1. Scan the stretch 555-577 for residues that are open to solvent by 20 Å² or more (accessible area, probe 1.4 Å), more than 16 Å from the ligand (Cβ to nearest atom) and part of a loop (DSSP other than H, G, I, E, B) and jot them down.
2. If you check Leu457, Leu484, Leu462, which single one turns out to be open to solvent by 10 Å² or more (accessible area, probe 1.4 Å) and modelled with pLDDT of 95 or more?
3. So which helices (runs of 4 or more DSSP H) stay within the stretch 70-181 end to end and still have 2 or more residues that are in contact with a Ser or Thr (Cβ under 6 Å, 6 or more places away or on another chain)?
4. Return the pairs, sorted by first residue and then second, in which the second residue is open to solvent by 10 Å² or more (accessible area, probe 1.4 Å) and of a type in the set (Asp, Glu), the first residue lies in the stretch 689-702 and is farther than 12 Å from Tyr109 by Cβ, the beta carbons are less than 7 Å apart, and the residues are 6+ apart or on different chains.
5. Report, ordered by the first and then the second residue, all pairs with beta carbons closer than 6 Å, sequence separation of six or more or different chains, a first member in the stretch 123-143 that is closer than 20 Å to Ala597 by Cα, and a second member that is more than 12 Å from the ligand (Cβ to nearest atom) and among the aliphatic types (A, V, I, L, M).
Amino acid sequence: MTPDSGKIPYLPEPIAGLERVALNLWWRWDRRARLLLRNIDPTIWSATRHNPVAMLRQVDPNRLAHLSRDKKYLADYARVMEELDRAIDPTVGWYPETFPDLQDATVAYFCAEFGLHNSIPIYSGGLGILAGDHCKSASDLAVPLIGVGLLYSKGYFDQQLDREGWQGDSDEVFDPKIMPLMQIHGPDDSRTVAVLETAGRPVHIGVWQLNVGRVQLYLLDTNLPENDPADRELTYKLYGGGQEYRLKQEWVLGVGGVRVLRALGISPGAWHANEGHATFMMVERLREYLAEGLSFDEAVQQVRARSVFTTHTPVAAGHDIFYEDLLDSVCGDYHEGLGLDRAGFMELGRHPDMNHGSFHMTAAAFRLARHVNGVAKLHGQVTRELWTGLWPGREQEDVPVVGITNGVHVGSWMSHHLMILLDEVYGEYWEKNPPEGADWDRILELDDHRIWETHRLLKRTLLDFCREQARQRWKTFWKDTTHLVGAGTLLGPEPLTIGFARRFATYKRASLLFKDEARLRRLLTDPHRPVQLIFSGKAHPADDEAKAVLQRVWRASREAQFEGRIAFMEDYDVHVAHRLVQGVDLWLNLPRVPMEASGTSGMKAALNFVPQLSTLDGWWAEGFNGENGWAIPKAEAEGDELDAIDHESLFTLLEREVVPTYYARDARGLPTAWVAMMKQAAIVGGKDFTTRRMVKDYTERFYVPALRGITEGDDPPTDAVVIGSGSAGSIPTGS
Ligand SMILES: *Cc1c(COP(=O)(O)O)cnc(C)c1O
């Protein structure tokens with residue numbers, strides 16, 4: 001089966017390899033490749049929001065002909081092509097050097113969303129970005145990972161705010177022609193690669209391939225003419241419909257994903273489900289082992305030995321639970337292939353505290369995966385607490401769940417200008433062989449002035465970006481000038497600028513800032529030491545409470561009382577996120593502890609020398625060291641009372657510490673104490689919160705033992721769940 005291409009109409013022979021560069025997202029995190037593409041036509045580059053496929057389709061052929069004769073360009077081109085060859089060679093890198101006996105292995109990584117580039121809108125937020133960064137670091141480290149996900153052909157959704165700031169939703173613009181996606185054809189040239197059954201009829205699955213450096217991502221698509229019209233829609237929207245739609249999507253991802261890999265001749269030795277959406281992948285493998293003749297206990301043991309499960313949800317209500325009749329209608333008699341009756345199948349997903357008759361995706365994953373983790377140290381602990389019921393009588397600390405803290409991908413998130421600055425201490429192109437551990441302390445050697453000037457440049461870039469966004473909206477949507485204020489056109493380069501950008505979920509508490517408007521107004525409009533706030537984020541389409549908070553922020557950005565010092569940037573995505581985490585002075589994060597499992601936007605800010613102010617939740621509970629930002633102390637309260645205490649702490653910190661530190665300048669106008677904090681932010685971010693560190697952790701602790709198929713020392717759940725009505729077997733009790 002071969003992927004097709006032909007997306008890029010014409011390239012002169014001397015630079016024909018640009019097609020390979022454009023069709024591998026590797027360019028996104030390689031400085032030279034990025035420049036090579038940008039230099040083709042900086043204006044179109046910017047207008048296409050850095051989409052090389054779209055750019056190459058638009059660029060003037062004369063320009064390409066000119067470049068193909070330009071000596072300097074050809075030299076740059078040759079270097080990038082060489083670098084690309086090295087970047088996709090599976091035999092060089094940390095993994096093959098460390099585990100030479102496991103070079104031919106494959107790790108399959110399943111996730112419902114992947115956030116890789118703004119031109120491929122198949123993610124909604126943190127989970128997807130994390131999955132994207134995971135793939136990129138796996139590529140850098142030459143870990144033999146492949147990704148499996150769904151291609152949402154109508155994307156997530158575009159944010160359309162009405163005249164009152166209420167979020168309506170429309171389909172995202174999605175055109176596979178301008179994406180680096182390649183359709184894989186089956187042997188007879190049909191688009192069907194695998195088939196599964198749902199609701200009593202076959203669903204044909206097509207596959208698109210996306211190259212992320214060395215890593216291939218396979219995206220499943222049911223929008224094929226062979227399918228029933230209802231089934232064609234199954235992969236239209238991310239988190240789009242109700243329970244039934246969601247269950248079917250997870251069925252396609254899990255069961256369909258395994259079958260697609262089999263059809264492509266790929267045999268992973270380790271299988272990672274990133275969040276419970278992918279649990280059916282383990283169930284399908286259980287079915288395969290049983291079909292091979294293993295006993296139920298042996299099959300479960302094999303699945304467990306090779307499965308990795310990462311949970312991201314610290315609250316009971318956030319997990320996927322499906323009711324029996326729904327499972328019945330979607331999965332039909334699939335359970336027979338497991339040698340189970342219907343009740344036995346339901347037992348696989350039984351939650352210890354819940355009634356029979358519901359299938360809990362996380363509970364099933366705990367039963368079928370030996371290697372389980374939460375996404376920060378604190379979240380590991382919260383997860384052990386939530387799931388002790390599966391090991392009755394155990395102390396919480398003995399529940400076999402670890403914390404592997406999330407990270408972010410340096411090459412994707414650190415500004416180009418800062419990378420150049422770091423060349424001074426680490427050498428040119430240092431990110432190819434990045435500093436480890438204490439090497440990051442060498443950031444202290446950088447000149448304070450240079451850091452500050454680079455930061456000011458990035459801040460101006462952000463403000464220019466706000467203005468350009470405002471101009472675009474003015475042209476197409478808005479006819480009322482107050483919107484220009486709300487979009488940030490009155491923001492200036494001098495005031496302390498605070499960024500708050502994330503999904504508008506109520507637990508993230510953007511509302512905390514508005515609890516006492518008079519106090520907020522005093523903070524923002526201080527004539528000598530003003531403060532600016534930039535917000536961005538989408539609310540989940542079904543979350544009206546979050547939409548109301550968003551609307552409050554949106555209105556505030558247009559209110560004269562705040563004197564143009566609050567901005568709301570519409571349509572938060574990776575592109576907007578880049579500008580924000582690189583250009584603000586302070587990153588603000590206000591989750592209600594312990595609702596934020598990890599949080600990664602603050603890590604992106606930190607890598608860009610931007611300190612964070614946050615509650616001690618998620619990564620900040622371990623990342624805050626007293627010198628890299630500020631922490632709202634942990635309060636022993638709940639609900640409104642907790643909000644009141646945190647609000648007071650937040651404003652006290654802002655008024656007494658943050659603002660005075662930012663405005664304390666030396667004779668040359670340099671905020672020395674602030675810059676010291678900026679350096680600490682970058683040092684801590686680089687040392688402990690990159691996906692390079694994270695993927696190494698997953699590899700050493702989970703993937704390698706899974707690839708070796710080690711079954712000794714397994715410590716499965718011991719809640720007395722008996723599978724089936726008697727004969728089929730039981731969830732192992734440590735045999
Ligand atoms: C990083 C990122 C997120 C996740 O940020 P949190 O801090 O976890 O809220 C969400 N959306 C986008 C576009 C991002 O880049």
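The values are calculated or read from the model by the stated rules, or taken from the named source; none is laboratory data. All values derive from a computational prediction rather than experimental measurement. Note that each Cβ is placed from the backbone with ideal geometry, even for glycine, and that neighbours are counted across all protein chains shown. Areas reflect the complete protein model, heavy atoms only, side chains present, ligands, DNA and RNA absent. Shrake-Rupley method; radii C 1.70, N 1.55, O 1.52, S 1.80 Å.
1. Arg558, Glu559, Glu563, Arg565 - these are the residues of the stretch 555-577 that are open to solvent by 20 Å² or more (accessible area, probe 1.4 Å), more than 16 Å from the ligand (Cβ to nearest atom) and part of a loop (DSSP other than H, G, I, E, B).
2. Leu457
3. Values: elements: 71-87, 94-98, 126-141.
The qualifying helices (runs of 4 or more DSSP H) are 126-141.
4. Every condition considered, the pairs that remain are Arg692/Asp140.
5. Within 6 Å, the pairs are Ser124/Leu238.
Matching residues to (1) open to solvent by 20 Å² or more (accessible area, probe 1.4 Å); (2) of a type outside the set (Val, Ile, Thr); (3) within 25 Å of the chain's Cα centre (by Cα); (4) more than 24 Å from Ala438 (Cβ to Cβ):
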position	(1), (2), (3), (4)
Gly669	yes, yes, no, yes
Thr699	no, no, yes, no
Ile710	yes, no, no, yes
Pro716	no, yes, no, yes
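Here's the yes/no breakdown for (1) within 12 Å of the ligand (Cβ to nearest atom); (2) out of contact with any helix residue (DSSP H, G or I) (no Cβ under 7 Å at 6 or more places or on another chain); (3) in a helix (DSSP H, G or I); (4) over 22 Å from Phe514 (Cβ atoms):
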residue: Val549; (1), (2), (3), (4): no, no, yes, no
residue: Val553; (1), (2), (3), (4): no, no, yes, no
residue: Leu580; (1), (2), (3), (4): yes, no, yes, no
residue: Pro591; (1), (2), (3), (4): yes, no, no, no
residue: Met595; (1), (2), (3), (4): yes, no, no, no
residue: Ala606; (1), (2), (3), (4): yes, no, yes, yes
residue: Glu636; (1), (2), (3), (4): no, yes, no, yes
residue: Glu641; (1), (2), (3), (4): no, yes, yes, no
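Yes or no, residue by residue, for (1) out of contact with any strand residue (DSSP E or B) (no Cβ under 8 Å at 6 or more places or on another chain); (2) among the small types (Gly, Ala, Ser); (3) closer than 27 Å to Arg668 by Cβ:
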{"residue": "Leu446", "(1), (2), (3)": "yes, no, yes"}
{"residue": "Trp452", "(1), (2), (3)": "yes, no, yes"}
{"residue": "Leu458", "(1), (2), (3)": "yes, no, yes"}
{"residue": "Trp474", "(1), (2), (3)": "yes, no, no"}
{"residue": "Pro495", "(1), (2), (3)": "no, no, yes"}
{"residue": "Phe504", "(1), (2), (3)": "yes, no, no"}
{"residue": "Asp526", "(1), (2), (3)": "yes, no, yes"}
{"residue": "Ala539", "(1), (2), (3)": "no, yes, no"}
